[in-house]
1. Please enumerate, by chain and number, the aspartates and glutamates with C-alpha under 20 Å from the C-alpha of residue 356, excluding those fewer than 8 residues away in the same chain.
2. Which lysines have a Cα lying under 20 Å from the Cα of residue 225, excluding residues fewer than 8 positions away in the same chain?
3. Quick check on segment 28-179: take the gyration tensor over C-alpha atoms, sort the square-rooted eigenvalues as a ≥ b ≥ c, and tell me if it's rounded (a/c under 1.5), prolate or oblate.
4. Please compute the contact order of the chain in relative form: average sequence separation of alpha-carbon pairs under 8 Å and at least six residues apart, divided by the residue count, as a percent.
5. Please identify every one of the GluC sites (Glu not before Pro) in segment 1-43 that sits in a loop by DSSP and has no more than 13 other beta carbons within 10 Å of its own beta carbon.
6. Using alpha carbon centroids, what distance separates segment 88-112 and segment 189-253, in Å?
7. Assign one of three labels to segment 109-210, namely rounded, prolate or oblate, based on the Cα gyration tensor with a ≥ b ≥ c the square roots of its eigenvalues; rounded applies when a/c is under 1.5, prolate when it is not and a/b is larger than b/c, and oblate otherwise.
8. Taking residue 67 as the anchor, which lysines have their alpha carbon closer than 25 Å to its alpha carbon, excluding any fewer than eight residues away along the same chain?
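Coordinate-derived values only; no laboratory data. Since this is a predicted model, take the numbers as computed values, not measurements. Neighbour counts run over all protein chains shown; Cβ positions are idealised from the backbone, glycine included.
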Amino acid sequence: MFPELNSFGKPLDVAYAKARANWEPLIEMMQIKGNSEVHSAFWSADEFADFENANSIQKYSNRYFSKRDFVREGLKIGLARQQDLGINPFKLGFIGGTDNHNGLASDVAEDDFVGGHGPEDGSIERRRKAGVGGWIDGVDLSIGSIAGVWAEENTRSSIWDAMKRRETFATSGPRIKVRMFAGPGLSAPSDPVRLVRQGYARGVPMGGDLPAGTDAPMLTVYAEKDPMGANLDRIQIIKGYVNSDGTMHEKIIDVVWAGTRKPGPDGKLPLVGNTVDLDSATYSNDIGATILVGSWLDTEFDPEQPAFYYARVLEIPTPRWTTYEAVRNGLPLLPEVAAVIQERAWGSPIWYTPLKLKE
């Protein structure tokens with residue numbers, strides 16, 4: 001997905017990087033074939049990396065996953081290539097889609113999944129025991145993803161402009177809302193309205209660029225649960241950065257969370273809990289939060305170091321579609337897939353480019 005060579009087998013050059021930066025502002029974070037943010041095989045330190053990875057894709061057509069096939073790594077590779085080429089070829093905001101063949105827009109409810117490819121996965125038997133089109137096992141299908149766009153108005157042109165400037169987010173299905181701003185002059189507002197007003201007036205939104213040579217940025221984040229869905233567990237910020245020698249790094253920060261939990265000696269936040277009843281495929285919103293608002297100051301910020309930041313929002317645990325289907329039809333749970341998942345949302349990154357790398 002994020003190659004060293006172009007389609008003609010030649011090294012990436014400035015013209016290639018400029019073309020991708022101009023024509024490819026967004027990348028699909030998730031769809032019915034699974035999640036493309038990270039994979040547990042390559043991100044063992046990320047405790048939430050094992051989410052809808054669709055490993056059975058590797059059984060078909062000689063397809064094998066590598067770390068550079070996933071979005072977070074691609075964003076870091078983009079920073080590294082920017083140091084060589086002077087422009088980032090993989091400066092990508094986030095979008096989501098279903099890619100099913102049902103003709104139903106945003107058909108993404110876990111509790112009524114009926115497949116997405118006609119007779120290939122149109123029966124319980126085929127979803128549980130068969131493959132789909134020679135490219136994935138039925139049990140590894142996800143319900144699909146949806147896109148969120150922060151536009152000034154609900155018109156085609158305004159939505160398109162927002163997508164072009166990457167002011168977008170993706171969710172794994174729920175109608176979660178997420179927003180993030182960054183800037184050295186931001187404070188830490190406690191309510192969403194102030195956060196948004198201040199963010200536009202004194203910072204940059206998701207998809208934007210921090211001014212070069214700035215002081216350490218404050219990042220402010222806001223998330224709101226799906227009105228008909230599960231409560232929220234936490235908001236994280238993922239920072240990626242590259243040293244002058246091209247070494248790529250990342251850091252995951254728990255910014256704000258539900259309840260009175262505190263990070264342990266290892267710095268990790270305890271899990272939010274689990275209200276799922278596997279016998280009935282139900283859960284309760286007795287844990288979690290409806291709205292989360294928080295902020296984080298990057299005290300390790302280096303103005304000479306290119307970086308990006310994006311927000312990841314996690315719901316409390318809920319049943320996976322395979323669990324709903326098993327309970328509804330009096331069938332056993334499938335051991336090869338997770339019975340419980342934590343749905344999520346991803347906000348487009350905000351980038352920082354040192355003055356020395358500016359065009």
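1. Straight-line reach from residue 356, under 20 Å: 13, 84, 209, 215, 245, 300, 302, 304.
2. 177
3. oblate
4. Averaging sequence separation for qualifying contacts and normalising by length gives 18 percent for the chain.
5. Within segment 1-43, the qualifying GluC sites (Glu not before Pro) (loop, at most 13 other Cβ atoms within 10 Å) are 4.
6. 22
7. Values: a/c = 3.32, a/b = 2.70, b/c = 1.23.
It comes out prolate by the Cα gyration axes.
8. 10, 18, 33, 59, 76, 91, 239, 251, 268
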